[in-house]
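Engineer: Handing you a structure now.
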Amino acid sequence: MPLQLDAHLDGIRREYLTPIAHDDTDRGWIRAPLTRPFAPEAAIAAIEVLCREGRPVYLSDQLELYVDFMPRLKAVLAERFGLTRVLAPEPYTVDRVDCP
């Protein structure tokens, strides 16, 4: 699931482009991104769907420079689900979301 930085959607939004054929489906394998303004309830709902589908969910701080709400997202996920560090910060930390 993209976090804020989605090059395709960003280009469309920045250039005020109209997609040739708008697709109102669930976007297939690419989930709708979490964007500003950060909505904790939307982030929780999105992760709950992934957990119910049995998908492993990971959070990497690799793009924290571009995702200004990353610290808030990490705090919300840690409080609601719990996070388990799976990769030391060399150079980026990766945590697994502890799905119920």
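Engineer: Would you say PRO89 is of a type outside the set (Phe, Trp, Tyr), more than 17 Å from PRO33 (Cβ to Cβ), part of a helix (DSSP H, G or I) and free of Cβ contacts under 8 Å to residues at least 40 places away in the same chain?
Structural biologist: Working: of a type outside the set (Phe, Trp, Tyr): yes; more than 17 Å from PRO33 (Cβ to Cβ): yes; part of a helix (DSSP H, G or I): no; free of Cβ contacts under 8 Å to residues at least 40 places away in the same chain: yes.
For PRO89, the condition - of a type outside the set (Phe, Trp, Tyr), more than 17 Å from PRO33 (Cβ to Cβ), part of a helix (DSSP H, G or I) and free of Cβ contacts under 8 Å to residues at least 40 places away in the same chain - is not met.
Engineer: Next question. Sort out which residues of the range 74-94 are in contact with a Leu (Cβ under 7 Å, 6 or more places away or on another chain) and modelled with pLDDT of 95 or more, and write them in order of number.
Structural biologist: Hits for the range 74-94 are LYS74, LEU77, LEU83.
Engineer: Tell me, yes or no, whether the range 9-24 has at least one residue that is part of a loop (DSSP other than H, G, I, E, B), at pLDDT 90 or above and of a type in the set (S, T, N, Q). Let's see the steps before the verdict.
Structural biologist: So in the range 9-24, the residues part of a loop (DSSP other than H, G, I, E, B) come out as 15-24.
Filter once more, so that each one left must be at pLDDT 90 or above: none.
Among the residues of the range 9-24, not one is part of a loop (DSSP other than H, G, I, E, B), at pLDDT 90 or above and of a type in the set (S, T, N, Q), which makes the answer no.
The values are calculated or read from the model by the stated rules, or taken from the named source; none is laboratory data. Just so you know, these numbers come straight off a predicted model, no measurement behind them. All Cβ positions, glycine included, derive from the backbone under ideal geometry; neighbour counts span all protein chains shown.
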